[in-house]
Amino acid sequence: MSFTNSNYSSKLSPTMTENWLVQIFKNTNSSVAYTNTPDLRFSFSETIYNSLDYYPAILNKPSISYSLDLKGFTTKTGSVTLNIANIDLDGTTLLELLGNDYINGQVNILSQLDNDGTAANALQMFSGKISSFGYRGNTIVLSVVSNRPFQNVSVPQGRSVNADNPQYNNKIVPLVYGDYTANTNFVNGQDVYACPFLKNDGKNFMYIVPEGTSGSDKLEFYDKGMKRFVELVNTDTTIATVDSVKVLKVPTLMTRQFKMLPDDVTATIVGSGVSLTAGSLDNVYNGNTGNNATYANTAGFSSESKGVVFKLQMPQVTGKITAITLGLSGTYSQTITGSPSGTDGAFFNLATSLSSSFGSSSGDVELIGTSSSGVKTDETNTALPTSTNIASILTNNALPDELYLSFRFNAEGGNGDYSDFNVILSNVFVTVTATNDLANEPIASQEFNAGIEKVYLGRDVTTESFTAYSSVATLTDLDNPVAIHRELLHSILNVADSDSDAKIENSGYKAVAELRDSTLTSPTSTHWKTRLALDEQEELEGIMEQLQYEGCFFFEFSPQAQQTAISGVSPLRYFTIPDSITAAADLSQVDISDYELGITPVSDLETNIIVNYKKHPAENQYLKQDTYTSAVSGSVHGTIFDNASHQKQEMNLDFLIDAVDDVSGSRNSSWINFRKSLFGEYKTTVNATLVNPEKYAMLQVGDAIDFGETTFSEIGSPFDEISDTFDSFIAMPTRLFKDAWSGKKFIITNLKRTLGKVSIQTREV
C-alpha cells in the first residue's frame, strides 16, 4: 500500500525539485501534526511552508531506511541522523535552545516539491522521536528513532487492589480473546482459558476472570492424573467484584462432577460363533453416541455360556470420590427357547477381577440379572442400564485401575437354549462426583488446594472496542489474528482508531482481515481461527509480532500519522501478500540507474516443516501437528537435497488453532500454504536504484512491483509513434536468469530514501 497523497503525487515529474523539511516538537508539545507550528524548523534549502520559514541548516544528506522481514513478518524503520548547523535563531544559538524538553520530542520529515508552501501538498515520510543529541565542530547531531509505542509495554495490565491486605494486591487479570467452549459432556475438550487464584475467604476460593466475561458456564478443574478438565459443580456462576477485579467463587471442597470415558478398552469374546458384526471397538469409548460396536451370536447354542468381556482401563481421579455411577448407552437383544430356569439367561455385571471367562460373581455390581437368576425373557433392542451405582467397587474412595464389564448369555442349566443374542454398545462411561478429602486427609487436601493456582473457564469473553467497518461487521470478531492485533493497539496503547470506512480501507486492515475470517462471503476464505489467553505478564511487542507471524501479515505505524489534512489517512498500516498481486509500479531500465540480480539462499527454503499448534491451556505442549514436505522428485530441490529428511524444521504456533494445513489451497488458505508460497522454492531477487520520481516517490516496503512491462506508448511522444516491437529497448536489458521478466511480481523488502533518489531491495513472490 503506497503512500497516500494525491496533491503530492500529481506534482511528480522528472524535472521537479525536491526539498526535505524537518519539524521538531518539544516533548511537552501535544500538537505534532504537520500543520501545527513546530518548535524548530529546518530544511536543505531555504523555503516557506505553511506560512513558516524553514532554515537551510541541515549539513548532511540523511537517509530514511524501511525494511520488512518476510520470515518473521516484522517491519522496521531505521534511525535517522541529522547534522544541523548551530545557527542563530532570533538571538539564541540552537545549542543554547536544546535541553531536556527536546529528548523524546517528536520529529516529522516531509518531502516538499518545487517550494510548494501549501500544507496539504507535502508528503510526510517519517515520524519519530529524538533519542539523543550532541555537539561537535559547531554542529548539532540529532539521533532520531521511529515511533514504536508498544516498546517496553507489558500485558496483561489489569491488577487487583486491596489497600488493607497488600498480599492480595497486584494479582493479574487475565487478558483473553477468541472463542471458547466449556466441557459439559465427556470431558475431553481443551477449549478453555486459565483463571488465576485471588484469595480464600474461608468458605470459598476466588478466581479472577477476564473483563467482559459473559455466560453461565462453571469453573473447571484440570485433573493432571486424567489429563482432563472437569466441571466444579458448586461454582457460583454470578460474577462478583472483589479487590477491584471480577471473580468467580467455588467452595473449598471443590466438588467436581463429570462423565469419564475409559482410557482404553479391550474385548475378549467368550464362546464360538460370537463375533464383532458391526462397528469397531473404538466406538465404545470415543464419546460419540452416533456410532457403536455390535457383538452377536446367531447360530444358537445350549449347555454353555457365551458373550463378551470388556476390560476397561480407567483414569485415576484426583481427590475423594463421593459418588459414582456406570452408564451404558446401547441396547441388547436375545431369543431364548425351551424352559430356562435357575442360572439360565442374561447376566451383565461389572467386576474388579475375572472369574473363569467372565467377571467375578462375588463382589461384583449386577447390572442385569442377579447372581442366581438371569433375564430369561426374549428381548428386542432393550436399553442397557444408563445409571447404576458402582460405589461398592471403590477402594478407599478411589477407582480401581481396571474394571471388567461382562455380557454373559448362559444356557448351562440344561433347560434353556439360545437361538441368538446381540449387544449394541455405543459408549461405556462413569459419572463421578469428587471432592477434596478434608476430613480424612486434611494435610493432603490443604496442600492440594494451595497448589491450585489456576482453574479454567470456557465462557465467552470481551468484544472489540475499536471502530467496525460499517458493512462487514465480522471484521471485528476477536477470533482472528488481525482483529486481536488491532484490539490490542486500541485497548492497551490507546492508539488513535481508524474511525471511518475510508481510513479503515486505507490502513489496509479491511483487506487483510477479509483474508483471515471465513464468515465473509466475498472473498471466500479460510478462517485463521485464533485464541490469545494471557494470565502471566509478557512483553506486548513480542505478542504483537507473534500475531503477525502466525497471521502472516505485516504492521507498522504509518509515517503519515500526523498528516491530518490528507483525506482518509490512517495512523495504522496493515498489509499482506494477496493471492492475486497487483503491482504498485511497473519499472523498466529507464526508471533505474543500476540493478543487481540474485537468488534466495538455500537456508531460506522451507521444504520439510513440522508445525505444532493449538497450545494446551494447562500443559506445556501443543495439541495438533501438521507437516509439509516438498516433493523431491521432479523438483528443483532434487538437485540439492538427496532425500526428504534434509532441511527439516519444527515450528510452534502459540495462538493459531485452525487454517494450518490446507496445502492444496491458495496462498491465503492456510499458514503452511503461505509459507510454502514464499519459501517452498527458490526465488529471484532484484536490487535497484530508482531515479524516476514518478515511479518511486509513493513507494513503501511491502508494495509489489514488476519489471519490463513498460511500452513506448506509455512513455509518450515521440515513442508512441514507434512500433511496440522495440519494447525491448525500454524493458529490462537482460533476462531474469533462465526466466523472462514478464508475469513475475516482486515485493519491496528494503527501501532507502535519500533526497532525489530511492534504493530498493525486492524479492519474487
TODO: Could you size up the charge dipole of segment 260-432 around its Cα centre, putting +1 on the beta carbon of Lys and Arg and -1 on that of Asp and Glu, and report it in debye to the nearest 20?
DONE: 220
Open item on the list: For a quick check: with amide H placed at 1.01 Å from N, whose amide H comes under 5 Å from Asn427's, ignoring anything fewer than 5 positions away on the same chain?
Closed with: Ser329
- [ ] Taking the chain as the reference, fit the longest principal axis to its C-alpha atoms, fit the long axis of helix 540-551 to the helix C-alpha atoms, and give the angle between the two in degrees, 0 to 90, nearest 10.
- [x] 80
TODO: Please order Arg486, Arg735, Arg228 by the number of other Cβ within 10 Å, starting at the fewest.
DONE: Arg735, Arg228, Arg486
Task: the chain - charge dipole about Cα centre, Lys and Arg +1 at Cβ, Asp and Glu -1, debye rounded to 20 - done: 880
Task: segment 473-561 - convex hull of the alpha-carbon atoms, volume per residue in Å³ - done: 103
Task: Identified option (computed Cα Rg over 2.2 N^0.38 Å; candidates [x] 1.12; [y] 1.20; [z] 1.31) - done: [z]
TODO: Quick one: which residues, 5 or more positions from Lys745 or on another chain, have an amide H under 5 Å from its amide H? H modelled 1.01 Å from N in the peptide plane, none for Pro or chain starts.
DONE: Val765
Task: Taking segment 473-561 and dividing mean pair separation by its residue count, relative contact order in percent (alpha carbons under 8 Å, at least six apart) - done: 33
- [ ] Tabulate in residue order the Karplus-calculated ³J(HN,Hα) for segment 578-592, using 6.51 cos²θ - 1.76 cosθ + 1.60 with θ = phi - 60°, rounded to whole Hz; enter x for Gly and Pro.
- [x] x, 5, 10, 9, 10, 6, 7, 7, 9, 10, 9, 5, 6, 9, 10
Task: Cα pair count fraction exceeding 18 Å, expressed as % - segment 80-213 - done: 75
Task: Interchain or long-range residues, amide H under 5 Å from Leu478's placed H - done: Glu464
- [ ] Could you go through segment 41-52 in sequence order and give the Karplus-derived ³J(HN,Hα) for each residue, using 6.51 cos²θ - 1.76 cosθ + 1.60 with θ = phi - 60°, rounded to whole Hz, and x for Gly and Pro?
- [x] 9, 9, 7, 7, 10, 4, 7, 10, 9, 6, 6, 10
TODO: Per residue of segment 2-11, in order, report the coupling 6.51 cos²θ - 1.76 cosθ + 1.60 (Karplus, θ = phi - 60°) as ³J(HN,Hα) in whole Hz, putting x for Gly and Pro.
DONE: 6, 3, 10, 5, 5, 4, 6, 5, 5, 8
- [ ] Could you tell me, in Å, what Rg and Dmax come out for the Cα atoms of segment 6-146?
- [x] 15.5, 53
- [ ] Please find the FRET efficiency linking Asp594 to Asn100, where r is the Cβ-Cβ separation and R0 is fixed at 51 Å, and quote it to the nearest 0.05.
- [x] 0.70
Open item on the list: If I take all pairs of Cα atoms in segment 352-418, what percentage of them are more than 16 Å from each other?
Closed with: 56
TODO: Give the cross-link partners of Lys454 among the lysines, using a straight C-alpha distance below 21 Å as the criterion and excluding same-chain residues fewer than 8 apart.
DONE: Lys171, Lys199, Lys203, Lys218, Lys224, Lys227, Lys246, Lys249, Lys320, Lys614, Lys615
Task: Mean Cα-pair separation over length for the chain, i.e. relative contact order, pairs under 8 Å, 6 or more apart, % - done: 14
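Every read-out reported here was derived from the displayed coordinates using simple, explicitly stated rules and does not represent laboratory data. Small disclaimer: the values here were computed from a predicted structure and weren't measured. A quick note on method: Cβ atoms are made from the backbone with ideal geometry, for glycine too, and the neighbour counts reach across all protein chains shown.
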